[in-house]
Amino acid sequence: MPRDSREFGRMEFSVGTGYADHAVRIWDLATGKELAKFKTQGGVRDCAVSPTGRRIISGTAIRQQGFIQIWDIKSRKEMRRYKSHAQVWTLNVSPDGKLVASGGSNGRVEVQNIATGTVRHVGSRSALVTSVKFMPDGVSLIARSIDGKIRQWDLSSGKMLKELLGSKGYGRLSISPDGEYCLSAGEETMLWDLRSATLIERIRGDTFSSDISIGPRGQLALISVGNTIQLWKLPSRRELSMGDAASTNKKRSKKSPRSPTTHPSKSASGRDDRPQ
């Protein structure tokens, strides 16, 4: 799957990672042609595109350490490289493009100033961090660990605002554009109300999912299940074919390309009784 949710229906190119060959690639979505390849220091676990679309940031793992590397897309040149104290498994860029949050094998969430390289830790140590996302307002961030715990942290104070108990295993997070709900992957795919910190529903409870992405309008979600990618409509939580998705986007564009996200109704309470 593309490693940055903004290219889902909004960007002219797609960014992907290559763990084995230590590279980040850019493809033209219309032609499928590879436009650029960036060699990295170690295997790439995650990468993101800056809000301006001018930079690519990658997180890598090599032995017991990792690196965060920043490239200029136009010049194809590496601009900065920062060494991390642990393998970087996940990263995300703040809405203003000034910060990058990362997490990984040491169970810590690090927030780094892209311009200066200054690093600070947010929250307490946990199990391996599999996903980290800034909230759309940039005031807080959410991190998921392999033990299924999902925590929201205030960036200024470092205080934990919420804790959710999701499914265990490796999996990503995706947050709706309005910041009202999120999807978490793992042993189960779960839809959460972030305002009330409650589980809305288990979208997939029978198959392990590793990656997940909510579209920029909040109506569609991509879920990686095994060797397939499934497309779901929100808030109805209905699986779609690609033809259904095209129809949904066409109708949405006619109404308003930037109309607010509809919040899903609640229908379930949370639990986690599965062994790791």
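Bear in mind that the values in this text are calculations on the coordinates, not laboratory data. Everything numeric in this text was worked out from a predicted model, so none of it was measured. Cβ sites come from the backbone with ideal geometry, for glycine too, and all protein chains shown count toward neighbours.
When the pairs K39/K98; K33/K77; K39/K149 are compared against a 30 Å limit on Cα-Cα distance, K39/K149 fall above it.
Distance distribution P(r), the stretch 95-138, all Cα-Cα pairs, bin width 10 angstrom from 0: 28, 53, 19 percent. At full extension, E78 and K33 could sit 14.0 nm farther apart than now, given 0.36 nm per residue minus the alpha carbon distance.
If the segment from T198 to R63 were pulled out straight at 0.36 nm per residue, it would be longer than the present Cα-Cα gap by 44.8 nm.
How many percent of all Cα-Cα pairs in the stretch 134-173 sit more than 11 Å apart?
Details: 473 of 780 pairs.
Considering the stretch 134-173, 61 percent of its Cα-Cα pairs are separated by more than 11 Å.
Size check on the stretch 1-165: the Cα extents along the three principal axes, sorted descending, read 45, 34, 31 Å.
Could you pull out the trypsin sites (Lys or Arg not before Pro) across the stretch 24-109 that fall in loop regions by DSSP (anything but H, G, I, E, B) with no more than 10 other Cβ atoms inside 10 Å?
Values: sites: R25, K33, K37, K39, R45, R54, R55, R63, K74, R76, K77, R80, R81, K83, K98, R108; in loops: K33, R54, R63, K74, R76, K77, K98, R108.
Those satisfying the criteria are K33, R63, K74, K77.
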